[in-house]
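Here's the structure, in structure tokens; my notes come after.
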Amino acid sequence: MMRYRIKPSRLTLPLSLLLLLQPVLFACSEAADTAVESTDAAAATTPVETDRSEISDNLPDVDYEGAEFNILCRTEWAYEFDVEEQTGDLVSDAIYDRNANVEERFNINLEFTEVDGSWDAQNTFLTTLNNSILAGDGAYDMVAGYQAYMITPAMEGYFLNILDLDYIDASAPWWSKQCNDSITVNGKLYLTTGDIAISLWENIYVMFFNKQLAEEYNVPDLYELVESGEWTYDKLNEISSMVGRDLDGNGVYNDSDLYGFVTSSSNHARLWQVAFELPITTLNDEGFMEMSLNCERTQEALIKLVDLYKLPTTYKNFGALDEPGQFSEPTMFIENRALIVTAFLGAAEMLRDMDTDFGIIPYPKYDENQTEYRTTAHNSTSMICFPKTVVDVDMSAIIAEAMCAESYRSVIPKYYEVSLKTKISRDEQSEQMIDLIRDSLIFDFGWVHSVPMDSVGSFLAGLITSGSTDFASKYAEKEPKVLEGLAKINEAYK
């Protein structure tokens, strides 16, 4: 029996107008988001803004007659989807309204199956998902899982090809175009992300800097360095060396001292691979992926970074802002004992009561020859996928598209413009930096597919933090398993 009936058609925007609106892209896209763009102080007139609410998703009018739509999501990140009531929190209330609007529009009931899904609980989440797929019970109409381990069932053929779904527009501004472009091989895309996932925004790698220390130690204007394209590894190294004092006078740098650069030995060390444009894999002439990490640029970058991490003015055991969603108070930064710290964008909320002003900047470039700043999101970001056992493929696609489009129109403006730019960032320049960082967000195929390739995504980070510059021999030991994993990945895309 049919699960729905088609309603009379509504008026939708013509395709030609939609194409004209396409430059208004979100987050990972290559174009700037002009939807809620700040007014230029030097402009004499108010700039013309694009109203996101006017951008249609072009979905058909369908009445699903009260059908349930079940989303499998992680308990730890359920706040992205399952909001039971309005509480006054701007973002949470926007998610609540998004869900209500989609339910009313298509006459459905959103249901959420929450399962532990952290990195340590991956077996629990994957077992729940895999058992459903193998049983063919069609229990889940959509899944939102941990990026790093969701690639495993994808490579086992458990998910639908998103590009085959009639009602998912992978090029729409609410989906991450850069993600989709980067992890599509041979016309196949099994995972995606976009405005439907707040974790994408929270998990972007950034740097914070302490304005008071910058002034005290005559540090060059960091905003100006970024804007001029001169914010490079060499500048970070130079500036970090300018700030650093043995405050307790015991002759050893420890937790009580002052540092120029503060980072962690795990998550944040991984980002250099992206920031310095060292892709793990690249597309070959046959249209499949091949390893590209083993090159001269990687070796040279490793030597530079080991030097940085060995400086006495670098503190590398900073865990306060290291794990997305599990931040502890960054005492060293709040107490003005760290000039620059690595963090995730979502950690800015931990600093909203900080007395000293702070700024937000991207990771530096490898050198001035690198044309763009680059960042990515932590691999716990929610990825959207569709089990091959879904009961109604069109329904899954329509509801997912509607939720993501509604997030683009209503949730992200609240999160980005209100929660980030207004509540947290301390100046107009920080707001501009957030725009720049957002537009520099990329997805590396090898990073996303790291787990099946012997976790190669953390390989370079391990060398950096251990102080080893012996890339060649260490990689030679790892290469057989990496290549074996890559061969299986390419086979899955064939």
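Grab the other residues whose beta carbon is less than 12 angstrom from that of HIS268, score K and R as +1, D and E as -1, and report the net.
Within the 12 Å Cβ shell, the charges total 0.
For GLU68, the accessible surface of its heavy atoms amounts to roughly 110 Å² (probe 1.4 Å, protein chains only, rounded to the nearest 10). Karplus-based coupling profile of region 123-129, in residue order and whole Hz: 4, 5, 5, 5, 5, 4, 5, with θ = phi - 60° in 6.51 cos²θ - 1.76 cosθ + 1.60 and x standing for Gly or Pro.
The charge dipole of the chain, taken about the Cα centre with unit charges on the Cβ atoms of Lys, Arg (+1) and Asp, Glu (-1), comes to about 900 debye, rounded to the nearest 20. Listed options for Rg and Dmax of the Cα atoms in Å are [x] 31.2, 106; [y] 23.1, 79; [z] 36.7, 134. The value calculated from this structure is the one marked [y]. For the chain, the fraction of 1.4 Å probe accessible surface lying on carbon and sulfur atoms is 46 percent.
Dividing the summed helix terms, -39500 (n - 2.57) for each DSSP H run of n ≥ 4, by the number of residues in the chain produces a 222 nm estimate of -9500 deg cm²/dmol to the nearest 500. Hydrodynamic estimate: the Kirkwood radius of region 256-355 over Cα pairs, inserted into Stokes-Einstein at 10 °C and 1.306 mPa s, corresponds to D of 103 µm²/s.
With respect to the chain, whose longest principal axis is taken over its alpha-carbon atoms, helix 233-242 is tilted by about 50°. Average accessible surface for region 440-488: 38 Å² per residue, computed with a 1.4 Å probe over protein heavy atoms with every protein chain in place. Between helix 471-493 and the chain there is an angle of about 10 degrees, using the helix long axis and the longest principal axis of the Cα atoms. When peptides 466-477, 122-133 are sorted by average Cβ neighbour count within 10 Å, with the highest value leading, the order is 122-133, 466-477.
The values are calculated or read from the model by the stated rules, or taken from the named source; none is laboratory data. A quick note: this is a predicted structure, and the numbers were derived from the prediction, not measured. Counting neighbours? That spans all protein chains shown, and the Cβs are built from the backbone with ideal geometry, glycine included. What goes into the accessible areas is simple: the full protein's heavy atoms, side chains included, and nothing from ligands, DNA or RNA. Shrake-Rupley method; radii C 1.70, N 1.55, O 1.52, S 1.80 Å.
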